[in-house]
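For reference, the structure is listed below as structure tokens.
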2 protein chains.
Amino acid sequence: MASYTAPLREISFVLNEVLKAGNLAKSVPNFADATPEIIQEMIETAAKFVEQELFPLNASGDAEGCTRHPDNTVSVPKGFTEAFKAYAANGFVGISNPTEYGGLGMPYLLWKVVEEMVCSGNVAFALYPGLTGGCFEALHASASEEIKQTYLHKLSSGEWTGTMLLTEPQAGSDLAAVKTKAIPQADGSYKLEGGKIFITSGEHGMADNIIHFALARIEGAPAGVKGLSTFVVPKFLVKADGSLGERNAIYCSAIEHKMGIHGSVTSVMNLDGATGWIVGNPNEGIQNMFVMMNLARIMVGFQGLGQMELATQNALRYALERKQPKPIIDFPDVRRMILQMKAMTEGARVLAYETALYVDYAHHHPDPAVREEANDWVELNTPLVKSTCTDGAVDLGSMAIQVYGGHGFIVEHGIEQILRDSKILCLYEGTNGIQAMDLVRRKLFLNGGRSVTRFFSLLNKAAAEAAPEFAFIAGPLKQALADLESATQWIYETFRSKPEDASFGCCDYQRAFALTYLGYNWLRMAQAASAQSDELFKAGKLATAHYFAAKLLPQVGGLCATVKGGAEDFMALPAASL
Amino acid sequence: MASYTAPLREISFVLNEVLKAGNLAKSVPNFADATPEIIQEMIETAAKFVEQELFPLNASGDAEGCTRHPDNTVSVPKGFTEAFKAYAANGFVGISNPTEYGGLGMPYLLWKVVEEMVCSGNVAFALYPGLTGGCFEALHASASEEIKQTYLHKLSSGEWTGTMLLTEPQAGSDLAAVKTKAIPQADGSYKLEGGKIFITSGEHGMADNIIHFALARIEGAPAGVKGLSTFVVPKFLVKADGSLGERNAIYCSAIEHKMGIHGSVTSVMNLDGATGWIVGNPNEGIQNMFVMMNLARIMVGFQGLGQMELATQNALRYALERKQPKPIIDFPDVRRMILQMKAMTEGARVLAYETALYVDYAHHHPDPAVREEANDWVELNTPLVKSTCTDGAVDLGSMAIQVYGGHGFIVEHGIEQILRDSKILCLYEGTNGIQAMDLVRRKLFLNGGRSVTRFFSLLNKAAAEAAPEFAFIAGPLKQALADLESATQWIYETFRSKPEDASFGCCDYQRAFALTYLGYNWLRMAQAASAQSDELFKAGKLATAHYFAAKLLPQVGGLCATVKGGAEDFMALPAASL
């Protein structure tokens, strides 16, 4: 059977030794109370909750799934509602929401650390609070104070949950094709008509109300993305006193049967003249949506990180226990897989946590220059976190099965679920190909390439300044940086004249970028581990850093060469010849 | 919804234009009647059967799965029994079995071409005739004439089906730990006692009898693999006149719930003093088993190939149809995925078909020198076919989902099933890590490295002699060969003194080897395609060859560098530090 133990030692190492996250409490007045001790205590509380309450529902939730009933209601797996209420009662739903809107006002970083654990323990469950947080962020960023006062407190407390209503059958990656119509009413509200698909947590009975953040087109608005607006559409209308009024005309007409995340309901939602209120200004819906979407992409990255950790720790445990006749971890190919899994998971954790830390600095640091720089990092890192952790979850989910051998294919061992649950992560909130396009077409060019220039400058400096004992990784990192800089230069030179050539290798470029970043993370982890007194911990970290340096960083060169090969004549080839 | 159309144009191209398989009928007297015309006719018959009878049961079989009843019987999904009887009536079960044992006496290659299609259409179904063929081969190679006469005709006709009873809970990759006991009886038979797991087709009602080929240890035999013997254990004892007698004491005590191939029953089998007869000599069970196992590995490769084709053709169709707003195949990253899928599938098909062709030459060519050389190829290619086509199936199954976007995660589209069905292929009949060990530790050294020397000599010659118009691929192929030869030399030099160092990168070496082989296949396909008059076909083939040359062959260098990096100190690291 699969098991889960929160990797508290790892989490603390990354937060405190590698990222020095304690500086957050010192430099950001908002977070003065969020000392490392407080943070640690909350992490331990969450860890226990995940281990004892959420992970036990992971396999049963997968087996049971969600059920839609003829009256348009949906039931979630046994135990989910109680677990959600307990989770909310702990304050976890609004953990980093501002206190003035009912949250605990803790750092975003803490939310994400908790989210990693929740997503290891039960990624299907994690979507209920996850989307609620996303809806909160969208309303918090763009809605009127009246709307905020109406909805945000209950979204923080978890009494209500949230969704995002974006996708339509004809409008997946291409949101310009959104057809849902918003008809202005005399009282300033709108009537929404249309159909949405793939709506996570669109209907369930876990909370008293469900708040939908919807993308729609006001009648008469321009075609394309510039005619889209955002609306808040509650399942139950909210009266002036905050109590629930009549049922709104938004219904779940079907739910999807999916490869994985069976415990998470994925709904088809019909808006039959549902009442909604505009969020932000008309025709600025895409910008409003992207506030949430960018953070949602980081969230999905953490979902992937959680699944990477689950795959890695189970494969490791099995490799230590299973004898054929010696423990299989002593077979070179199995040990290679375990090192690969650790190298990717632990390297990705630093990337993900650092990105979350930058979100806190970007939103709350008193110095605008620090905020600006932190925001640059968030922008650059978002596609990297999303794609690296989710591709990683699928790769490692598959590799964990491989470590288990035939047993990994059997449902009761709980390992194949990782691969099934993880695959969606590469798809939603923008496929990983979309992330790569975002990196190549947008992030490289943002603010004159400022983020990327800073990235190279910081990493080159770290590699150059590394003490000789870290040359084993600083050397390969320098080479990777040189290769990546050259590929980046090639993209800059190629993009204006031949965008398809520059884009053809975008996924390889994204992977090269992420591996380089992870190489930098491993350099920092090796440095921080060297100062540790726990010899076993130090030995494991240094060996994994060696593995990353020898086996993974050298892949950057090959990937960059492929990128620079461009699209040749592939795009001109008649599609019918394929 | 997923669809399947047999790739008849591709199959014919590989058989006739690339591999010149028509020579088989000319040079092997056994196959004088197996002219390209006859072969083509049988392929078309099988294609129609798969498209019309088997593929329609693929999704329903996945949804329904198998059920075990309290009386130890198992029911298979609706339609499977009728389809199997029709399949058998067409002669497909014994298509390449010798006519003296009830087969059609056609080439093994034809069997495998049919198997590719069956495994695209319904890989769960394919296991019933597939294992029957494996059991036939094992008995045909090692059993006494009396046993052959008792069982082989009905295994050819499909009136009976077969299994292999190898794995036990403690004995997966390590068969030395097999405990099932065989107690000699006065009449020359044995009573078998023990428990087997992961038995494909171990119990069902599709055929009148089930013939188990079992690995067990005769009482008093040595420990380890050298004390294992093989036995034939029928579900129903067979009377002297060939009619069925009493039920044998072998029962299905449970079936597994699996990630995929739900239509295939995977049984736990209890042998409660079941009567069996020895196959071959005592304590030579491992050798007997490997006759079957080697061919079973090729079979699994074809299962993978079938799934690669299914993934590729569905992704292509969707990419042509789906508009966001232009057909998504016109987005660089989607086109890149389609080219990647075609490059791997079509390249792997040549590898798989060529290996099957060599099996025919190895078994039937009149010239012993040709037989010996063909056998060398089969030995070398077996791990390559098994691992390349099955890793490929998982990679492409995942990529097909990626092309479909969120829709790929939804069960009703029939795409996620590919990934679920394919993952087992990387595990059974020796995990792909075991294949890599077989390549590195055994195949490289076999007959003084004769197979590998011949491989390099043939491929170097092909690259050197390629006309200038094929330099685009001959050049990268030469480079890949140089890199692979250098890694091979390193393994030879390292293996004796540091076997773990040599083995650590075995999976990377295996992939490098396979990519080089596929590069050679693409050179040959490019050459053969150039002579075609169908301009669209030619353009597609040449573009895909360009893709392989530019994007895949260059990976060989990086993989070989990793291989030569060895294991550093990773194997000496205390397991507790991981």
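Every read-out reported here was derived from the displayed coordinates using simple, explicitly stated rules and does not represent laboratory data. Note that the structure is predicted; figures quoted are calculated from it, not measured. Every residue, glycine as well, gets a Cβ built from its backbone with ideal geometry; the counts of neighbours run over all protein chains shown.
Under 25 Å of direct C-alpha separation, and excluding same-chain neighbours fewer than eight residues apart, residue B:196 reaches these lysines: A:323, A:326, B:148, B:154, B:179, B:181, B:226, B:235, B:258, B:386, B:423. For residue B:322, the residues 5 or more places off, or on other chains, whose built amide H falls under 5 Å of its own are B:328. Summary for residue B:486: label point 7 Å along Cα→Cβ; distances to the equivalent points in the other copies, ascending, 1.6 nm.
The residue list A:384, A:410, A:427 was ranked by how far each Cα lies along the charge dipole of the range A:357-437 toward its positive end, using unit charges on Cβ atoms, and A:410 comes out on top. For residue B:255, nonlocal amide neighbours, meaning residues 5 or more places apart or on other chains whose placed amide H falls under 5 Å from its own, are B:268.
As a proxy for reagent exposure, ranking A:257, B:212, A:153 by other Cβ atoms within 10 Å from fewest up yields A:257, A:153, B:212. Placing a label point 7 Å from Cα along the Cα-to-Cβ axis, residue A:29 is separated from the same position in the other copies by 10.0 nm, shortest listed first. Think of each Lys and Arg Cβ as +1 and each Asp and Glu Cβ as -1; about the Cα centre, that makes the dipole of the protein assembly as shown roughly 1060 debye.
What does the average come to when, for each residue of peptide A:428-439, you count the partner chain Cβ atoms lying within 10 Å of its Cβ?
Working: counts 3, 0, 1, 9, 2, 10, 3, 0, 2, 3, 0, 0.
Averaged over the peptide's residues, the number is 3.
The separation of the range A:518-578 from the range B:275-297, counted between C-alpha centres, amounts to 44 Å.
Sorted shortest first, the separations between the residue A:3 label point and its copies elsewhere in the assembly read 5.1 nm; each point sits 7 Å from Cα along the Cα-to-Cβ line. The string of couplings for the range B:533-545 from the Karplus curve (6.51, -1.76, 1.60, θ = phi - 60°) is 8, 6, 5, 5, 4, 4, 4, x, 5, 5, 5, 5, 4 Hz, one whole number per residue in order, with x for Gly and Pro.
Chain B holds its axis-closest Cβ, relative to the rotation onto A, at the residue and whole-Å distance B:558, 2. Close amide-amide hydrogen proximity is noted between residue A:279 and A:230, A:231, A:232, each under 5 Å apart and 5 or more residues distant or on a separate chain (H modeled in the peptide plane; Pro and chain starts excluded).
Adding -39500 (n - 2.57) for every DSSP H run of four residues or longer, then dividing by how many residues chain A holds, sets the calculated 222 nm ellipticity at -17500 deg cm²/dmol. Inter-part distance, the range A:174-231 to the range B:37-111, computed on C-alpha centroids, equals 50 Å. Of the residues B:157, A:3, A:253, A:387, the one with the fewest other Cβ atoms within 10 Å heads the list, and the complete ranking is A:3, A:253, B:157, A:387. When you restrict to C-alpha pairs under 8 Å that are six or more residues apart and normalise by the size of the range B:8-145, the relative contact order lands at 21 percent. Placing unit charges on the Cβ atoms only, positive for Lys and Arg and negative for Asp and Glu, gives the range B:356-481 a dipole magnitude near 440 debye about its Cα centre. Dipole check for the range A:425-578: with +1 at the C-beta of Lys and Arg, -1 at the C-beta of Asp and Glu, and the Cα centre as origin, the magnitude is about 360 Debye.
The HN-Hα couplings worked out from phi for the range A:428-439 by the Karplus form 6.51 cos²θ - 1.76 cosθ + 1.60 (θ = phi - 60°) are 7, 6, x, 4, 5, x, 5, 4, 5, 5, 4, 5 Hz, whole numbers, x standing for Gly and Pro.
Cut-off is 10 Å between beta-carbons; in what order do B:50, B:359, A:268 appear when sorted fewest neighbours first? Before the final figure, lay out each step's value.
Values: B:50 28, B:359 25, A:268 19.
In order of increasing Cβ crowding within 10 Å: A:268, B:359, B:50.
Given N residues in the range B:239-292, what is Rg(Cα) / (2.2 N^0.38 Å)?
Values: Rg = 15.4 Å, N = 54, 2.2 N^0.38 = 10.0 Å.
For the range B:239-292, the normalised Cα radius of gyration comes out at 1.54.
Binning the alpha carbon pair distances of chain A at 10 angstrom intervals from zero yields the distribution 4, 17, 28, 27, 17, 6, 1, 0, expressed in whole percent.
Suppose a student asked you for the relative contact order of chain B, using Cα pairs under 8 Å spaced at least 6 residues apart; what percent would you report? Kindly include the intermediate steps, with their values, before the conclusion.
Values: 1082 pairs, mean separation 74.5, N = 578.
Relative contact order of chain B: 13 percent.
Rounded to the nearest Hz, the phi-derived 3J(HN,Hα) couplings of the range A:199-216 under the Karplus curve 6.51 cos²θ - 1.76 cosθ + 1.60 (θ = phi - 60°) are 8, 5, 6, x, 8, 4, x, 6, 9, 6, 8, 10, 9, 9, 9, 10, 9, 8, where x marks glycine and proline. All alpha carbon pair distances within the protein assembly as shown were sorted into 10 Å bins beginning at 0; the resulting P(r) in whole percents reads 2, 10, 19, 23, 21, 14, 8, 3, 1, 0.
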